[in-house]
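Following: one structure in structure tokens, then a few remarks.
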Amino acid sequence: QVQLVESGGGLVQAGDSLRLSCATSGRTFSSYTMGWFRQAPGKEREFVATISRSGASTLTAPSVKGRFTVSRDNAKNTVYLQMNSLKPEDTAVYYCAAKGAAGLLATSSYDYWGQGTQVTVSS
């Protein structure tokens, strides 16, 4: 069982930056592919980014590519989402997720999910 706890969300203005963190429990963090998703009000949850177990490979959704960067620190059991040049359309609840398998994963087929952190971007 893996527990995920997101933090770092908040209310910012368009153009600002935020860094989300997702801290995980357990001593096998490096065996999990990690992902970030978001869900805006009235919309389906959508993929944002994923990172391989070693951190060597990442995949980012076209809607945030060039603005968002996913990274991880396996020594700290934490995955990050650096969000720059935020736009009002980035407003959503952001979730991190863990998959106990190798390979990048852009679908919702993750094993574990966090509770989410709210990001609100004002214009």
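The values are calculated or read from the model by the stated rules, or taken from the named source; none is laboratory data. Here the structure is a predicted model, which means the values were calculated and not measured. All Cβ positions, even for glycine, are placed from backbone atoms using ideal geometry, and neighbour counts span all protein chains on display. Surface areas here come from the heavy atoms of the whole protein model, side chains and all, with no ligands, DNA or RNA. Shrake-Rupley method; radii C 1.70, N 1.55, O 1.52, S 1.80 Å.
Evaluation of residue 19 against the conditions (1) farther than 18 Å from residue 121 by Cα; (2) in contact with a Gly (Cβ under 9 Å, 6 or more places away or on another chain) shows that the sole unmet condition is (1). Looking at segment 78-106, which of its residues are over 19 Å from residue 121 (Cα atoms) and either in contact with a Lys or Arg (Cβ under 8 Å, 6 or more places away or on another chain) or open to solvent by 60 Å² or more (accessible area, probe 1.4 Å) (or both)? Matches in segment 78-106: 78, 79, 102, 104, 105. When residue 64 is tested against (1) buried (at least 22 other Cβ atoms within 10 Å of the Cβ); (2) more than 18 Å from residue 117 (Cβ to Cβ), just one condition goes unmet, and that condition is (2). Here residue 113 fits the description: farther than 25 Å from residue 14 by Cα, surrounded by 15 or more Cβ atoms within 10 Å (Cβ to Cβ), aromatic (Phe, Trp, Tyr) and touching a Leu at 6+ places or on another chain (Cβ under 9 Å). From the list 102, 61, 40, 56, the lone residue that is free of Cβ contacts under 8 Å to residues at least 40 places away in the same chain and of a type in the set (A, V, I, L, M, F, W, C) is 56.
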